[in-house]
1. Can you go through B:A358, B:A343, B:A315 and tell me which one is small (G, A, S), over 30 Å from B:G194 (Cβ atoms) and touching a strand residue (DSSP E or B) at 6+ places or on another chain (Cβ under 6 Å)?
2. Output the residues belonging to segment B:392-424 that are surrounded by 24 or more Cβ atoms within 10 Å (Cβ to Cβ), over 18 Å from the mean Cα position of the chain (by Cα) and not in a helix (DSSP H, G or I).
3. Which condition does B:E266 not pass, out of (1) of a type outside the set (V, I, T); (2) open to solvent by 10 Å² or more (accessible area, probe 1.4 Å); (3) assigned to a helix (DSSP H, G or I); (4) out of contact with any Leu (no Cβ under 8 Å at 6 or more places or on another chain), if it passes all the others?
4. Among the residues of segment A:5-29 satisfying the criterion of being more than 10 Å from chain B (Cβ to nearest Cβ) and closer than 15 Å to A:S62 by Cβ, which is nearest to the chain's Cα centre (by Cα)?
5. Collect the residues in segment B:181-228 that are outside any helix (DSSP H, G or I) and within 12 Å of chain A (Cβ to nearest Cβ), keeping them in residue-number order.
6. Give the number of residues within segment B:368-391 that are in contact with a Phe, Trp or Tyr (Cβ under 9 Å, 6 or more places away or on another chain), more than 26 Å from B:R215 (Cβ to Cβ), away from chain A (no Cβ under 11 Å) and open to solvent by less than 30 Å² (accessible area, probe 1.4 Å).
7. Please list, ordered by first then second residue, the pairs with beta carbon atoms under 7 Å, 6 or more apart or interchain, first in segment B:399-424 and at pLDDT below 95, second surrounded by 24 or more Cβ atoms within 10 Å (Cβ to Cβ) and outside any loop (DSSP other than H, G, I, E, B).
8. Scan segment A:39-56 residue by residue and report those that are out of contact with any Pro (no Cβ under 9 Å at 6 or more places or on another chain), surrounded by 15 or more Cβ atoms within 10 Å (Cβ to Cβ) and in a loop (DSSP other than H, G, I, E, B).
Amino acid sequence: MGKAWKFGHDIDTDVIIPARYLNNSDPEHLAKHCMEDGDVTFAEKVQEGDILVAGKNFGCGSSREHAPIAIKAAKVKVVIAESYARIFYRNALNIGLPILECPEAVAGINAGDEVTVDLESGKVENLTQKTSFQARPFPPFMQELINTGGLIPYVRGRKKNA
Amino acid sequence: MIGMSMTITEKILAQHAGLEEVVPGQLITAKLDMVLANDVTAPVAVKEFVKFEVDSVFDRSKVALVLDHFTPNKDIASAEQSKQVREFARRHEIEHFYDVGKVGIEHCLLPEQGLTLPGDLIIGADSHTCTYGALGAFATGVGSTDLAAGLATGEAWFRVPESIKFVFHGTKFQPWVSGKDLILYVIGKIGVDGARYQAMEFTGEGISALSMDGRFTMCNMAIEAGAKNGIIAPDEKTFAYLEGRSKRPYTVYTSDPDAKYAQVFEFDVADIPLQVAFPHLPENTKSVQEASGVKIDQVVIGSCTNGRMEDLRMAAQILRGHKVHPHVRTLVFPGTQEIYRQAMHEGLIDTFIEAGVAVSTPTCGPCLGGHMGILAKGERALATTNRNFVGRMGHPESEVYLANPAVAAASAIRGQIAHPEEVV
């Protein structure tokens, strides 16, 4: 269970992690400034397991992988958005940050609501409003890729087992 | 012709995947002709590359490492990042490694050096990699992990995108209208996710009439509509540009007349006025008349979008014999050393300095709020760059307006957003 943080449409990678912090790619450093230009209190107040909810085209703009790295290092459990910009989408999966596309859940979750997400089934439950939503779950290989921490550990793991 | 009709994007992807044909939505693995990273994205890619446990990059002649973002290094942390990339480049004997003194803004530099050619498939850990589509190449931005995989294997997987065709009829451009205005106009029409996951193909008499520099500007900003790539079929102007630059053979692809498009938009260039994008999204476009009078504190002319010769000539033409407004800091960033030198030979640098403009060595610096021209709280800039997101050029409560170099130069003189005809 986690608390929902809600953001609007077209949240760009400069909001997720401003370029002024890109002189250091350490995940802990990036986490300290995550979402800073959208909500300055986010990095300080976000708790492990919280959920980031946003509108359409989340992660638009730059190709910086620092953006999903910052969100993951801030211990956000999952991002739920109406849609994603393509480079961000690919980067998030590559580094093992779970992201779901579910416009109904975005519409049905307010900032501060308590939410649980089951990544295996794609079920999103809003405990505060007692509602639930069904996002399309990841296929098993993608689930495993996320669980092992991203593309490279996944590929390495498969090579070893081959 | 045997087989199905394809777009230029589909043909390039099919060829690099070793397939006769591809269709939108298909997942393919394709061979890469060029793999690019910079001083911000390469350090992360290098960290991931090591995990592949390979001895070398797939081909040291097909990798470009360009230290252009926070260089000349703005602080110790960014110097450490550059050092990391430099050491990697030396260890792997990367042929196309560009450090301070040789470096230019990557998307001005690579085409200028003949490293990106028609028919190529290029990935870059920089979202504006789509710029090279202006040469008839398939080029797209990726993150550092995909880049690392590309460095190790020379391949990447792609989902073949649907294509949207933008046809620009006519050649009667309104005065001072450039490629920047055409692309801002399109983004204003379709929105910042209007081409999400898709290819933007630009065509028509209006595109044929544009210079190569104008075409680079258009493809550069395809990402600002969410596109995977922007692309323009090569023509005589492309071949003339490549003369003396290309050092390897290339393949020219064009779309079949009956290729399938997800959407087709048609415009007459005569209907497109000078554009200004208001904060905080490139889709917030208005005509320059509607923006007229907005007071500004800074003007930035340059970047991978508008840091080429045509852009500097346009700005100098407006600034010649004028002084910039005393309340406006005006900065010019030539895209590469070659452009800087050419601007000097043509007397443009003199014109800028005479007008009270600061001229800088090539860097991405101010465009992304890195260094060299950061805005304070409440300040407002008019820039020829590509993004006007919250905090893009500095303080989260600063503002960026986007326009072409002529509008930027006129506005620098007037101290407020102005039509070039107000000053010439």
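1. B:A358
2. Those that are surrounded by 24 or more Cβ atoms within 10 Å (Cβ to Cβ), over 18 Å from the mean Cα position of the chain (by Cα) and not in a helix (DSSP H, G or I): B:I417, B:A418.
3. (3)
4. A:I16
5. Passing the criteria: B:G191, B:V192, B:D193, B:G194, B:A195, B:R196, B:Y197, B:Q198, B:A199, B:G226, B:A227, B:K228.
6. Here the count works out to 1.
7. Correct list of pairs: B:V424/B:I318.
8. A:D39, A:V46, A:G49, A:D50, listed by residue number.
The values are calculated or read from the model by the stated rules, or taken from the named source; none is laboratory data. Please read all numbers here as calculations on a predicted model, not as lab measurements. Quick reminder, even Gly has a Cβ in these numbers, built from the backbone with ideal geometry, and neighbours come from all protein chains shown. All accessible areas refer to the heavy atoms of the entire protein, side chains included, with ligands and DNA or RNA removed. Shrake-Rupley method; radii C 1.70, N 1.55, O 1.52, S 1.80 Å.
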